[in-house]
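Asker: Here you go, one structure.
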Amino acid sequence: MRHPEPVADQSSGTLWRCAGASVAGLHHAARGVECQDAIAASAWPTVSQDDVLVMVASDGAGAATFGRTGADVITRQLTIYARRHLLYGGEIHDLTLETVTQWLFQIRNTLDACSRKTTGRLADYAATLSVAIIGHTHAAFFQIGDGAIVVALESSPWQYGWVFWPDRGEYANTTYFLTDRDFASNLHFEMLKISVAEVSIFTDGLQDLLLSYQTHQVHQPFFRKIFLPLRNKGVLEEELNGELANYLQSQLISTRTNDDTSLMLASRL
């Protein structure tokens, strides 16, 4: 299994604490294939004294030859675009569907350029994406494909709800990707005037475990428990990354899903 890389890249002065891990599923591990997921989280105080969190997760398609590369490019570039927007005076509430779509077109062009150097097929870099950009009073979320974003508000910190329900494709076990020709029609975007206390992003390897398809709700007990260590400021975030990786590799998870699994958590409580 691929050793998880640190998820957090934090500057001093932020109230956010972040942790996360990605591990290869049993099918990939048995074939010596690395995890196809990529995740990143960063938090910093902006020039306007907002306390901003940016979280990005991308899941490379299992059938895509360079799905992991696609996920890496998407995660890295979306983080860069978000930071650039905010560090150069932009505000979260300035973000629009048009701005986000422009970012994604630019990333898709980057993936297309990569494909021309290898197989010539853009679909070989297929990957999903889930993004949260959160400040004190506003939060922007956007997503293509499956996986999910879960949040708890400052007004009700123990109540967790999803932002977008996982988007499944026309056929079983399929979804949508940034590399699709009509990706913009499958892009979900929300700009909300809310104060978020905690947020989690996870890829599709965990969605059947953490979401109830019968009630269309989040499994509340899981998130109430999993966030507790992150609230303990005496525990280093690097330790939490390792604990999350061990949890994702445990029999409790690995016997219930064969897919790659990624889980990111952030809290400012």
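Asker: Being within 15 Å of the chain's Cα centre (by Cα), modelled with pLDDT of 95 or more, surrounded by 12 or more Cβ atoms within 10 Å (Cβ to Cβ) and not aromatic (Phe, Trp, Tyr), is that true of even one residue in segment 211-230?
Answerer: no
Asker: Also: Count, please, the residues in segment 170-208 that happen to be surrounded by fewer than 17 Cβ atoms within 10 Å (Cβ to Cβ), of a type in the set (S, T, N, Q) and assigned to a loop (DSSP other than H, G, I, E, B).
Answerer: 3
Asker: Does residue 38 satisfy being of a type in the set (A, V, I, L, M), under 18 Å from the mean Cα position of the chain (by Cα), modelled with pLDDT of 95 or more and assigned to a helix (DSSP H, G or I)?
Answerer: No, not satisfied.
Asker: A further question follows. Would you be able to say whether some residue in segment 112-131 is closer than 20 Å to residue 164 by Cβ, charged (D, E, K, R) and in contact (Cβ under 8 Å) with a residue 24 or more places away in the chain?
Answerer: Going through segment 112-131, the residues closer than 20 Å to residue 164 by Cβ turn out to be 126-131.
Add one more test, that the residue is charged (D, E, K, R), and what stays is none.
No.
Asker: Only one of 203, 128, 118 is of a type in the set (S, T, N, Q) and over 22 Å from residue 24 (Cα atoms); which?
Answerer: 118
Asker: Same structure, new question: Kindly list the number of the only condition in (1) part of a loop (DSSP other than H, G, I, E, B); (2) buried (at least 18 other Cβ atoms within 10 Å of the Cβ) that fails for residue 245.
Answerer: Looking at each condition in turn, residue 245 falls short on (1).
Asker: Filter segment 72-117 down to the residues that are among the aromatic types (Phe, Trp, Tyr) and part of a helix (DSSP H, G or I), then identify the one that is surrounded by the fewest Cβ atoms within 10 Å (Cβ to Cβ).
Answerer: Ranking the qualifying residues of segment 72-117, first place goes to 105.
The values are calculated or read from the model by the stated rules, or taken from the named source; none is laboratory data. Remember, predicted model here, so these are calculated numbers, not experimental data. Heads up, the Cβs are rebuilt from the backbone with ideal geometry, glycines too, and the neighbour counts pull from every protein chain shown.
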